[in-house]
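Here you go, one structure.
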């Protein structure tokens, strides 16, 4: 099984007049005002076509609001037979990069099955160009592995994208586009893993995908099977995986550039299917539990993207992979397990398994003395209760938590800083072990973070809970498809870049 199932979309830059571009569809922007919608960047279009669109805007449902996409036949007024109008939201002199990213992504997502698309959104500086390019590529995604050819004909991503920009010959522009392509590839590959059926993506198969994905990247990979996990004292991963006929794995992927400016560890939860174990989940919604490995998928492809972008940061990813199943060999409520390093945990609920595998991964990561460690996981239903399906949570040491929020704001992902109240630690006390794997019901997301904090010592640390945003069970929006979203990859990459730059300044 290969690492990527999607088809990568060829992308080019052009400074040609949009009205003369030979494309199946031309994308321009709309914006909303009190007086109705306006067209953005339509200066090169025939006045007759612009007048026709604006006069029929109400009838056509064109308002310019974010994520709105409308298609209008051009009647031969320009070369492209279809004009696609993508909303930016409220009219402004300068549009935030995320507005451009979403508008570009919404358009290419809606144009699935189209052979060629030209995108003429505002891209007159490198920041805007990067946002438009990234959004267009992120939106050009579909997962068709399990569908026949007939049903995929109209759902395959656009075959080719051209971005209209005056910066065609500028080196900084080419660098920004290459970065956007690497980021989109990482997000797409993460989505592919999340969307894979759990009968195909089990722990050993996940490890095989990782081996295939890191080929020719210079990344070193190490895979620990049950025997090696036992020898290494990885009691959390072993306990969670012991109920499945398909044994657990710990995968380490390490990118090591020469003279790195920082050394960062990433730890990802990789539960390939979460039934809840003996503390079994309700049947309703359990099919989405194939996405419980989203954190490990994000870590794998963040490390690969860091290598492809040649970041001057040493990055080690730890993929903590197991299948949580109920059986005669599964762990039981009241079992006591020993995490790597010797700390014991009383398992009060086998559905609080993610923190057990992460504990092993965090201990192993910290043993290598990184400058900082970040874990990412679809960890708690409480995260969804607190923040909904589009906002992720981040907890941890103050500086690194702030770095994550800043990085997320930069790339357009939504992460909200959460506290780790000391009074909740008492709820994790056990009568027979060093701590219990669950605390009181209220503040469950925070209790999970406090549990993980027990395994990082004094190392700067951040915990990213992506339980809601990792898997979109509702409708597509912007550049976000239904199913796996790939959330966290762009934020983690931005953290790597910022921490590397920050450390480089300190060393000067």
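Have a look at 443, 483, 449 and point out the one that is surrounded by fewer than 24 Cβ atoms within 10 Å (Cβ to Cβ), farther than 30 Å from residue 100 by Cβ and modelled with pLDDT of 95 or more.
None of the others qualify; the one that does is 443.
Would you confirm whether or not the stretch 83-106 contains a residue that is outside the structural domain of residue 489 (by TED's automatic domain parsing), at pLDDT below 95, farther than 22 Å from residue 413 by Cβ and touching a helix residue (DSSP H, G or I) at 6+ places or on another chain (Cβ under 6 Å)?
Taking every residue of the stretch 83-106 in turn, none turns out to be outside the structural domain of residue 489 (by TED's automatic domain parsing), at pLDDT below 95, farther than 22 Å from residue 413 by Cβ and touching a helix residue (DSSP H, G or I) at 6+ places or on another chain (Cβ under 6 Å).
Just to be sure before I move on: is residue 302 under 19 Å from residue 404 (Cα atoms), surrounded by fewer than 20 Cβ atoms within 10 Å (Cβ to Cβ) and touching a strand residue (DSSP E or B) at 6+ places or on another chain (Cβ under 8 Å) in the structure I sent?
So residue 302 does not fit the description; no.
Sticking with this structure for a sec: Looking only at residues in the stretch 398-430 that are out of contact with any helix residue (DSSP H, G or I) (no Cβ under 9 Å at 6 or more places or on another chain) and not in a helix (DSSP H, G or I), which one is farthest from residue 133 (Cα to Cα)?
430
Give the residues of the stretch 387-400 that are surrounded by fewer than 20 Cβ atoms within 10 Å (Cβ to Cβ) and more than 10 Å from residue 468 (Cα to Cα), sorted by residue number. Quick ask: steps written out before the conclusion?
Our first condition is that a residue be surrounded by fewer than 20 Cβ atoms within 10 Å (Cβ to Cβ); within the stretch 387-400, this holds for 388-391, 397-399.
Answer for the stretch 387-400, where residues must be surrounded by fewer than 20 Cβ atoms within 10 Å (Cβ to Cβ) and more than 10 Å from residue 468 (Cα to Cα): 397, 398, 399.
Restricting the search to the stretch 214-237, which residues are touching a residue at least 12 places away in the same chain (Cβ under 8 Å) and over 20 Å from residue 317 (Cβ atoms)?
226, 233, 235, listed by residue number.
From the list 279, 258, exactly one residue is without any contact (Cβ under 8 Å) to a residue 12 or more places away in the chain, part of a loop (DSSP other than H, G, I, E, B) and either in contact with a helix residue (DSSP H, G or I) (Cβ under 6 Å, 6 or more places away or on another chain) or in the same structural domain as residue 484 (by TED's automatic domain parsing) (or both). Which is it?
258
Out of 230, 175, 217, report the one residue that is surrounded by fewer than 23 Cβ atoms within 10 Å (Cβ to Cβ) and in a loop (DSSP other than H, G, I, E, B).
Sole residue among the options that is surrounded by fewer than 23 Cβ atoms within 10 Å (Cβ to Cβ) and in a loop (DSSP other than H, G, I, E, B): 217.
Assigned to a strand (DSSP E or B) and within 23 Å of residue 344 (Cα to Cα), is that true of residue 250? Working first, answer last.
Details: assigned to a strand (DSSP E or B): yes; within 23 Å of residue 344 (Cα to Cα): yes.
When the stated conditions are applied, residue 250 passes them.
Which of the residues that make up the stretch 1-19 are under 19 Å from residue 135 (Cβ atoms), under 32 Å from the mean Cα position of the chain (by Cα) and either modelled with pLDDT under 95 or in a helix (DSSP H, G or I) (or both)?
6, 7, 8, 9, 10
Conditions: (1) in contact with a helix residue (DSSP H, G or I) (Cβ under 9 Å, 6 or more places away or on another chain); (2) not in a loop (DSSP other than H, G, I, E, B). Residue 366 meets all but one. Number of the miss?
Unmet condition: (1).
Condition check ((1) farther than 15 Å from residue 481 by Cα; (2) surrounded by 17 or more Cβ atoms within 10 Å (Cβ to Cβ); (3) touching a helix residue (DSSP H, G or I) at 6+ places or on another chain (Cβ under 6 Å)) across all residues:
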{"residue": "112", "(1), (2), (3)": "no, yes, no"}
{"residue": "115", "(1), (2), (3)": "yes, no, no"}
{"residue": "166", "(1), (2), (3)": "yes, no, no"}
{"residue": "181", "(1), (2), (3)": "yes, yes, no"}
{"residue": "193", "(1), (2), (3)": "no, yes, yes"}
{"residue": "196", "(1), (2), (3)": "no, yes, no"}
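Of all residues being closer than 24 Å to residue 92 by Cα and crowded, with 18+ Cβ neighbours inside 10 Å in the stretch 20-37, which is farthest from the chain's Cα centre (by Cα)? Just the residue, please.
37
Residues are listed down the side, and each one gets a yes or a no for (1) in contact (Cβ under 8 Å) with a residue 24 or more places away in the chain; (2) not in a loop (DSSP other than H, G, I, E, B):
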{"site": "76", "(1), (2)": "no, no"}
{"site": "83", "(1), (2)": "yes, yes"}
{"site": "92", "(1), (2)": "yes, no"}
{"site": "102", "(1), (2)": "yes, yes"}
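Here is a follow-up. Taking residue 157 as the residue in question, decide whether it is in the same structural domain as residue 269 (by TED's automatic domain parsing) and part of a loop (DSSP other than H, G, I, E, B).
Answer is no for this residue.
Next question, about the same structure. Can you go through 340, 308, 355 and tell me which one is touching a residue at least 40 places away in the same chain (Cβ under 8 Å), farther than 20 Å from residue 377 by Cβ and in the same structural domain as residue 470 (by TED's automatic domain parsing)? Outline the logic, then answer.
Values: 340 fails: farther than 20 Å from residue 377 by Cβ; 355 fails: farther than 20 Å from residue 377 by Cβ.
Matching residue, one of 340, 308, 355: 308.
Ok, one more. State the number of residues belonging to the stretch 66-95 that are closer than 13 Å to residue 41 by Cα and crowded, with 19+ Cβ neighbours inside 10 Å.
Number of matching residues: 7.
May I ask you to list pairs of residues, at least six apart or on different chains, whose Cβ atoms are under 9 Å apart, with the first in the stretch 325-336 being free of Cβ contacts under 8 Å to residues at least 40 places away in the same chain and the second being surrounded by 16 or more Cβ atoms within 10 Å (Cβ to Cβ)?
That search, which allows pairs on different chains as well, returns 328/243; 334/346; 334/347; 334/348.
Separate question: Just to be sure before I move on: is residue 419 exposed (fewer than 15 other Cβ atoms within 10 Å of the Cβ) and touching a strand residue (DSSP E or B) at 6+ places or on another chain (Cβ under 8 Å) in the structure I sent?
So residue 419 fits the description; yes.
Check off (1) buried (at least 21 other Cβ atoms within 10 Å of the Cβ); (2) outside any helix (DSSP H, G or I); (3) more than 35 Å from the chain's Cα centre (by Cα) for residue 43 and give me the number that stays unchecked.
With respect to (1) buried (at least 21 other Cβ atoms within 10 Å of the Cβ); (2) outside any helix (DSSP H, G or I); (3) more than 35 Å from the chain's Cα centre (by Cα), residue 43 is out only on (1).
The values are calculated or read from the model by the stated rules, or taken from the named source; none is laboratory data. Small disclaimer: the values here were computed from a predicted structure and weren't measured. A quick note on method: Cβ atoms are made from the backbone with ideal geometry, for glycine too, and the neighbour counts reach across all protein chains shown.
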